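For reference, the structure discussed in these notes is given below.
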Amino acid sequence: MEIIAKNLIKNYKKKNSPDIEVLKSINLNIPSGQKTAFTGPSGAGKSTLIHSLGLMDRPTSGKVLIDGIDCYASNDDYLCKMRKENIGFVFQFHYLLSDFTVLENILLPVWKEKKLKISYADEILEKVGLSHRKNHFPSELSGGEQQRAALARALINKPKIIFADEPTGNLDRHTAVEIENLLLDVSSEARATLVLVTHNMELAEKADRQIRMTDGKII
């Protein structure tokens, strides 16, 4: 799916102070299937941008078009439906639920249809190398295994867009490389658009395109 941002602005209100400008008139086009890496210093607005592009955080003004549809012109129910059907997220922290097994965590986004999705969840677990861990709990996994589980969860809906916000930021370099390569491979196999935020230039250089940000702007 193609993602277009038009004059995207995001301000946060601060009591008794001027608004904090986080995104300043962002314009960009991410073609369908492209792997795009956003880089830049902390506080540049990278995470805020992909949260807006991923329909998680409404911008103050501007548009986000996904396959030509002006998504923020619609209500929150529509945004929720778009996220559920088309978008997968991987964050720096895995956000697995401690009382659920790996398999149950992966099935959470499709819980109402979990009986129909179990066989596909098993396929994903095989792909990410966690088949032998599916009945374990998050506390029984290594950091790399937890992030593999988070990636599997992001894939359960066969997303057309995958957003990854510092997906290897908490991992040692060897494990990080494994997760990076897995993320790139599965997005290629699914022909999904991949949008990354990273401080890791080795990962950024594996993307099709790098976009550097600073002070809320694309430079």
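For beta carbons closer than 7 Å, sequence separation of 6+ or different chains, a first residue in segment 199-219 that is surrounded by fewer than 18 Cβ atoms within 10 Å (Cβ to Cβ) and a second that is among the basic types (Lys, Arg), the qualifying pairs are Asp208/Lys35; Lys217/Lys24; Ile219/Arg212. Taken over segment 156-203, the criterion of being within 16 Å of Pro31 (Cβ to Cβ), part of a loop (DSSP other than H, G, I, E, B) and in contact with an Asp or Glu (Cβ under 9 Å, 6 or more places away or on another chain) is satisfied by Lys160 alone.
Figure legend. Inter-residue proximity from segment 64-75: first residues on the phi < 0 side of the Ramachandran plot, second residues modelled with pLDDT under 90 and in a loop (DSSP other than H, G, I, E, B), beta-carbon distance below 7 Å, spacing 6+ or different chains. Indicated pairs: Ile66/Met1.
What do you reckon, is Leu107 assigned to a helix (DSSP H, G or I) and aliphatic (A, V, I, L, M)? Yes; evaluated as a whole, the condition is true for this residue. Under the condition of being loosely packed, with under 15 Cβ neighbours inside 10 Å and either within 14 Å of the chain's Cα centre (by Cα) or among the aliphatic types (A, V, I, L, M) (or both), the residues counted in segment 9-49 number 1.
Listed by first and then second residue, the pairs with beta-carbon distance under 7 Å, at least 6 apart or on different chains, first residue in segment 5-31 and at pLDDT below 95 and among the hydroxyl-bearing types (Ser, Thr, Tyr), second surrounded by 15 or more Cβ atoms within 10 Å (Cβ to Cβ) and assigned to a strand (DSSP E or B), are Tyr12/Val22; Ser25/Ile9.
Do we find that Gly144 is of a type in the set (Gly, Ala, Ser) and touching a Ser or Thr at 6+ places or on another chain (Cβ under 7 Å) in this structure? Answer is yes for this residue. Against the conditions (1) under 30 Å from Asp67 (Cβ atoms); (2) touching a Leu at 6+ places or on another chain (Cβ under 9 Å); (3) of a type in the set (Lys, Arg), Arg133 satisfies every one except (1). In this structure, does Lys217 turn out to be within 29 Å of Gly43 (Cβ to Cβ), modelled with pLDDT of 85 or more and of a type in the set (Lys, Arg)? Answer is yes for this residue.
The values are calculated or read from the model by the stated rules, or taken from the named source; none is laboratory data. All values derive from a computational prediction rather than experimental measurement. Cβ coordinates were reconstructed from backbone atoms using ideal geometry, including for glycine residues, and neighbour counts include every protein chain displayed.
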